[in-house]
1. Give the residues of the range 76-105 that are assigned to a helix (DSSP H, G or I), touching a strand residue (DSSP E or B) at 6+ places or on another chain (Cβ under 7 Å) and among the charged types (D, E, K, R), sorted by residue number.
2. Restricting attention to the range 196-216, which residues are among the aliphatic types (A, V, I, L, M) and open to solvent by 40 Å² or more (accessible area, probe 1.4 Å)?
3. Could you check the range 135-149 and list, in sequence order, the residues that are open to solvent by 80 Å² or more (accessible area, probe 1.4 Å) and in contact (Cβ under 8 Å) with a residue 40 or more places away in the chain?
4. Among the residues of the range 196-211, what is the count of those that are under 13 Å from T167 (Cα atoms) and touching a strand residue (DSSP E or B) at 6+ places or on another chain (Cβ under 8 Å)?
5. Are any residues in the range 106-134 within 25 Å of K59 (Cβ to Cβ), out of contact with any Phe, Trp or Tyr (no Cβ under 6 Å at 6 or more places or on another chain), assigned to a loop (DSSP other than H, G, I, E, B) and open to solvent by 70 Å² or more (accessible area, probe 1.4 Å), and if so, which ones?
6. Restricting attention to the range 162-190, and to residues there that are open to solvent by less than 40 Å² (accessible area, probe 1.4 Å) and assigned to a loop (DSSP other than H, G, I, E, B), which single residue is farthest from G224 (Cα to Cα)?
7. Go through D237, D252, D152 for me and flag whichever is modelled with pLDDT under 90, open to solvent by 70 Å² or more (accessible area, probe 1.4 Å), among the acidic types (D, E) and not in a helix (DSSP H, G or I).
Amino acid sequence: MTLRRQTRHAFRDVPKPRPNLERSRSPSEKLQSAFAERPTPAAPARPNLPSPPAVSDPKAPTDPVLLGIVGGAHGIRGEVRVKSFTQDPEDLGAYGPLFDAQGRRYTVRSARVQKNVVVARIAEVTDRNAAERLNGTELFVDRSVLPTEGEDEFYQSDLVGLVARLTDGTVIGEVVAFHDFGAGDILEIAPENGTSVMIPFTEVAVPEVDLDLGFLLVEPVAAGLSGAVEVREGDEDDDADESESEGEASRDGGA
């Protein structure tokens, strides 16, 4: 009794069903209607899983030397344009596989010079989308696979970051990049404030490089710096004063 009373009480506000005035439907119509009225179940939410970490190759360099920088994709087959820092640009893959900063391996299958870059085919890059994702990637090898530097030979990666000093000890900035515009290697030096300057990397302009102490010495006149112009102008003034003094002495002698 209690159960029946609660049941009637619980459903007392439910309106009575009205007689169905529509025509009776066939079993197939009823089946179609039942499927049409069934709500579509919502797709289960997918958990936000973190991206898998990059797998580092056990042969990744422990003493990396920068050999090139990927500049972008070339064509539709996965080739990439690379700025090569090897003496012969096509030697980009001559020292074995390359590695990025995360330790991922890139095996150079072929390399050819095209204008001022190297177009490389990399075994691990098979389409343009993968090639585009490498834009800006720095490529390294371990120092142990490279030839030993000769006298007055330096790897560019060793020079970048050195402090640049004038011969009088004045610090003018830090080496931030190398350039080659066709007339030889150029050092780009960035001061603490202001715009960077370019100087030729020659023995005359840079007479001393000390990797252990982390600096290189710049001869301002040979490097063509603004300070060197002031020195030249000062020398010209001195020459003019000397010429004037000699002229006055000559006039005095003639008198």
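The values are calculated or read from the model by the stated rules, or taken from the named source; none is laboratory data. Quick caveat, the model's predicted, so the values are computed rather than measured. Positions of Cβ are generated from backbone atoms using ideal geometry, with glycine treated the same way; all protein chains shown enter the neighbour counts. Calculation scope for accessible area: heavy atoms of the full protein, side chains included, ligands and nucleic acids excluded. Shrake-Rupley method; radii C 1.70, N 1.55, O 1.52, S 1.80 Å.
1. First pass over the range 76-105, keeping only residues assigned to a helix (DSSP H, G or I): 89-93.
This time we only want the ones that are touching a strand residue (DSSP E or B) at 6+ places or on another chain (Cβ under 7 Å), so: 89-90, 92-93.
Correct list: E90 only.
2. Within the range 196-216, V197, M198, V204, L211, L213 qualify.
3. Within the range 135-149, N135, E138, S144 meet the criteria.
4. Number satisfying all stated conditions: 5.
5. T126, R133
6. Among those residues, the one meeting the criterion is L162.
7. On the way: D237 fails: not in a helix (DSSP H, G or I); D252 fails: not in a helix (DSSP H, G or I).
Exactly one residue qualifies, and that residue is D152.
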